[in-house]
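Report on the following structure.
The values are calculated or read from the model by the stated rules, or taken from the named source; none is laboratory data. On a predicted model such as this, the values are computed, not experimentally measured, just so you know. Neighbour counts are summed over all protein chains in view; Cβ atoms, including those assigned to glycine, are modelled from backbone coordinates with ideal geometry. Keep in mind that these areas ignore ligands, DNA and RNA; they rest on the heavy atoms of the full protein, side chains included. Shrake-Rupley method; radii C 1.70, N 1.55, O 1.52, S 1.80 Å.
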Amino acid sequence: MAENTSPSALAQTLNQLSGQQKMGLILALAALIAVSFGLWLWGTTPDYRVLYSNLSDRDGGAIIDSLQQMNVPYKFAEGGGALLVPASQVHEVRLRLASQGLPKGGTVGFELMENQKFGTSEFLEQVNYKRALEGELARSVQTLASVQTARIHLAIPKPTVFVKDQESPSASVVLALYPGRTLDAGQVNAVVHLISSSVPNMPAKNVTVVDQSGTLLSAPPDKANTGLDESQLKYVHQVEGDYAKRIEDIVTPLVGPRNVHAQVTVDVDFTQSEQTAETYKPNQPPNQAAVLSQQTLESDNTNGSTTTGGIPGALSNQPPVPATAPLNAPPAKPAVAGAAKPGAPAAAAGTAAAAQSSVPTSSSNRKETTTNFQVDRTISHTKMAVGLLRRLSVAVVLNNRTVTDAAGKVSTRPLSDAEKNQISALIKDAVGFDEKRGDTLSLLNSAFNEHKEVIPETPLWKQPETLSMVKEGLKYAVIGAVALFLVLGIIRPAFRNLSRVLARLPEPRMQRNDIPPMTDQGSQAGYVPSYENNLGTAKQLAQQDPKIVASVVKEWVAANE
């Protein structure tokens, strides 16, 4: 009998099946549908990426609520330590959660003060304020790129009106850094000053910073071992790098790129010194000196008293005799003191001397002038600059010049003396060369031994883009192969076996009018048995010849149908 795959023939074939066969067929179709649906889900499942990891319970619950409201699928990985979302939505979800203030990092800030209950004591208010301040400071410190988590403990003493009993607040900071990251001295000082500036009356020395390994990061530098200073070394390296870059920038246009290498060593004086000098100049002439002060003293003594004068003697030492004035005495002639007329008696001479001694004086004048001149003095206070360049050493290596002849052959030749002198002069001018300071310049021209490391190109099958495409292609290829195997390997052979079994069944008895004419192949053309006819034929066959029915069932069992 020729196979007929029309829908009516397929329905006729299904009608010929028993209940057990139909159940098996239904189960096979259900399995096929389930496998196909699973493969489709596997093919359409998005790639999940980590949204956040190491979340606290409070933050995790808040983030999950927000994801459910946004209809974003999520799942957990790594034992619940990471929250995963589709890779295409990671950045969008992070931005939307950040707008909601999530995650909060497991710390509470000043939002704690928003939930104050009525009747809260002053002590509890102070405790909540302290917790809020610690949380806000911890959030600020966690914004640093190297800091993963931070905990801050504040010790704020009670205020007092007694000055001698006042205490300064202090703080302790514990930082958990990301693996492989550290904080330099400048970043630690930034953390210290951030905290000290956020708490009133807290000095920077009262802030202690410790990392997760127990290393004290805020330790003050040891004054006894200050031979090396990190900032000084950094300054020296920066100066040396600037000088080397200057040399390479000015020489590269002459010799070509990668044909010059320069190294510079600088000797920098970091000594801090101060000098105070007081200088006195020699005395200047009075007409050029500055007058500080001038004092003039004058005295004039004028009176009518008589004074005893003359040559000391017996007469001069006697008290004066009463003055007598004769009425008709002739005018006295002036006499020379100490002289007498010749032949005059000695008494007359003594009388004349006594008269001379009693002549009254007229006046006495005295004048004193005192002038103080300003003394020249120069006071100079000099503070020497830190970081003075004491000596400069420059070493430059030049590659041979590349020359191409007329035939196109490439060769190298050393630089001439004139070219090296020109380059040396340019280098000296670029770095401010000072021979009096002791600067040195060493210029070497030689062929470079360049070993070009050939980096192998990544094969096409190792490139990430190719691997991703292959992964997606394999996924859909597996889905197609499984679906094709189910259709061609299970469903189609099952229907073929059913057709063969039904072909072996005897045709049902029909009335003469219902039997269609026979064709050349011995079959009834255009005849399509109905379900009722098939059921009646099967019942009649089971009653008339049970052996045939038993043999058919055995064939089904042997064929595992």
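Scaled to the globular estimate 2.2 N^0.38 Å, the Cα spread of segment 390-487, given as radius of gyration, is 2.39. Annotation: residue 170 carries an accessible surface of approximately 40 Å², with a 1.4 Å probe and no ligand, DNA or RNA atoms counted.
Multiplying the residue separation of residue 422 and residue 212 by 0.36 nm and removing their Cα-Cα distance gives an extension gain of 69.8 nm.
In this simple spin-label approximation, residue 116 and residue 539 carry label points 7 Å from Cα along the Cα→Cβ vector, and these lie 9.1 nm apart. The alpha-carbon positions of segment 151-205 define a convex hull whose volume is 77 Å³ per residue. Couplings 3J(HN,Hα) of segment 267-283, computed from phi: 10, 10, 9, 9, 5, 9, 9, 10, 9, 10, 10, 10, 10, 10, 8, x, 4 Hz, in residue order, whole Hz [Karplus 6.51 cos²θ - 1.76 cosθ + 1.60, θ = phi - 60°; x for Gly and Pro].
Taking a temperature of 10 °C and a viscosity of 1.306 mPa s, what whole-number D in µm²/s does Stokes-Einstein yield for segment 152-279 with Rh from Kirkwood over alpha carbon pairs? Can you show the working numbers first?
On the way: Rh = 19.6 Å.
Reported coefficient: 81 µm²/s.
With a 1.4 Å probe rolled over the protein heavy atoms of all chains, the accessible area of 270, 37, 123 falls in the order 123, 37, 270, largest first. Taking all protein chains together, 476, 129, 48 sort by accessible area into 476, 129, 48, largest first [probe 1.4 Å]. Were the residues from residue 127 through residue 204 laid out at 0.36 nm apart, the gain over their Cα-Cα distance would be 25.4 nm. Just grab the label-to-label distance for residue 483 and residue 406, each label 7 Å out from Cα along the Cβ direction, in nm (one decimal). Between residue 483 and residue 406, the simple spin-label model gives 7.4 nm. Accessible surface of residue 246, taken over heavy atoms with a 1.4 Å probe and every protein chain present, rounds to 120 Å².
A Cβ-based charge dipole, computed about the Cα centre of segment 179-274 with Lys and Arg at +1 and Asp and Glu at -1, lands at about 320 debye.
A straight Cα-to-Cα reach below 18 Å connects residue 75 with the aspartates and glutamates 47, 57, 59, 65, 92, residues fewer than 8 places away in its own chain not being considered. Counting only protein heavy atoms and using a 1.4 Å probe, the accessible area of residue 181 comes to about 120 Å². For residue 398, nonlocal amide neighbours, meaning residues 5 or more places apart or on other chains whose placed amide H falls under 5 Å from its own, are 444, 445, 446.
Of 59, 434, which has the most accessible area with a 1.4 Å probe, and how do the rest follow in descending order?
Working: 59 5, 434 60 Å².
The residues order as 434, 59, largest area first.
Cβ-Cβ distance of residue 380 and residue 236, R₀ of 25 Å, FRET efficiency by 1/(1 + (r/R0)^6): the value works out to about 0.25. Once backbone amide H atoms are built at 1.01 Å from N, residue 148 has 176, 177, 178 as its partners under 5 Å, excluding neighbours fewer than 5 places away on the same chain. Take the Cβ-Cβ distance between residue 435 and residue 274 as r, set R0 to 30 Å, and report the resulting FRET efficiency rounded to the nearest 0.05. About 0.50, to the nearest 0.05. Separation of the alpha carbons by more than 24 angstrom is noted, of 245/409; 234/420; 234/436; 158/205; 245/420; 383/428, for 245/409; 234/420; 234/436; 383/428.
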